[in-house]
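Structure first, then comments.
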Number of protein chains: 2
Amino acid sequence: MFKAIVIIRKRPKILDPEGKAVEQGAKLLGFNNVRNTRIGKYVEFFVNTENKEDAEKEVYEYCNKLLANPIIEDFEYRLENVE
Amino acid sequence: MFKAIVIIRKRPKILDPEGKAVEQGAKLLGFNNVRNTRIGKYVEFFVNTENKEDAEKEVYEYCNKLLANPIIEDFEYRLENVE
């Protein structure tokens, strides 16, 4: 079994309205030094196979087809062996 | 200036309906080995100060008051010095 950790970020040229909104709230609360907030996803799951190559393939496809939108997002992942 | 990287996760006992929904989609697409998908946030921003202590404090408060919901989420962060 593997644990997969995936980070999904909007591509640099894609606007992030959610980040902008949170940052406006920050300014109202007096956080004056915060700049360029960008909000992505941090996804964790397990892959129930002992074969690392199979696991990598499944994680890649899962990210590419479901977790991320590859047109506007980039993703990276790592796998950890777990018992 | 510092770059802050924040990871926000739902606490272990909190249900994650978004993760469950994506995982159901995964099963329909034939990803049979994926288990226990949990979706959190990955946030990046800059803190415009040269004082690391001030930066830490502002990042902590920003997370605690705006980015995360401390009742159901845990957060962790790290700071990187940038030019």
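The values are calculated or read from the model by the stated rules, or taken from the named source; none is laboratory data. This is a predicted model, so every value here is computed, not measured. In this analysis, Cβ positions are derived from the backbone assuming ideal geometry, glycine residues included, and neighbour counts consider all displayed protein chains. The accessibility values were calculated without ligands, DNA or RNA, using every heavy atom of the protein model including side chains. Shrake-Rupley method; radii C 1.70, N 1.55, O 1.52, S 1.80 Å.
Which number in (1) free of Cβ contacts under 8 Å to residues at least 24 places away in the same chain; (2) crowded, with 16+ Cβ neighbours inside 10 Å; (3) of a type in the set (D, E) marks the one condition that B:E53 misses?
Tallying (1) free of Cβ contacts under 8 Å to residues at least 24 places away in the same chain; (2) crowded, with 16+ Cβ neighbours inside 10 Å; (3) of a type in the set (D, E), B:E53 fails exactly one: (2).
If you scan segment B:57-81, which residues turn out to be of a type in the set (V, I, T) and either in contact (Cβ under 8 Å) with a residue 40 or more places away in the chain or open to solvent by less than 50 Å² (accessible area, probe 1.4 Å) (or both)?
B:V59, B:I72 - these are the residues of segment B:57-81 that are of a type in the set (V, I, T) and either in contact (Cβ under 8 Å) with a residue 40 or more places away in the chain or open to solvent by less than 50 Å² (accessible area, probe 1.4 Å) (or both).
Residues that are without any contact (Cβ under 8 Å) to a residue 60 or more places away in the chain, at the interface with chain A (Cβ under 7 Å from one of its Cβ atoms) and within 30 Å of B:E61 (Cβ to Cβ): does segment B:20-39 have at least one?
yes
Do the conditions hold for B:Y42, that is, is it more than 8 Å from chain A (Cβ to nearest Cβ) and of a type in the set (S, T, Y)?
So B:Y42 does not fit the description; no.
Give just the number: which of (1) within 18 Å of B:F31 (Cα to Cα); (2) out of contact with any strand residue (DSSP E or B) (no Cβ under 7 Å at 6 or more places or on another chain); (3) in contact (Cβ under 8 Å) with a residue 60 or more places away in the chain does A:F2 not satisfy?
Evaluating A:F2 over (1) within 18 Å of B:F31 (Cα to Cα); (2) out of contact with any strand residue (DSSP E or B) (no Cβ under 7 Å at 6 or more places or on another chain); (3) in contact (Cβ under 8 Å) with a residue 60 or more places away in the chain leaves (2) as the failure.
Please count how many residues of segment B:1-30 are of a type in the set (A, V, I, L, M, F, W, C) and open to solvent by 20 Å² or more (accessible area, probe 1.4 Å).
Residues that pass the stated criteria total 8.
Only strands (runs of 3 or more DSSP E) wholly contained in chain A count here; list those with 3 or more residues that are closer than 15 Å to B:R38 by Cβ.
A:2-10, A:34-47
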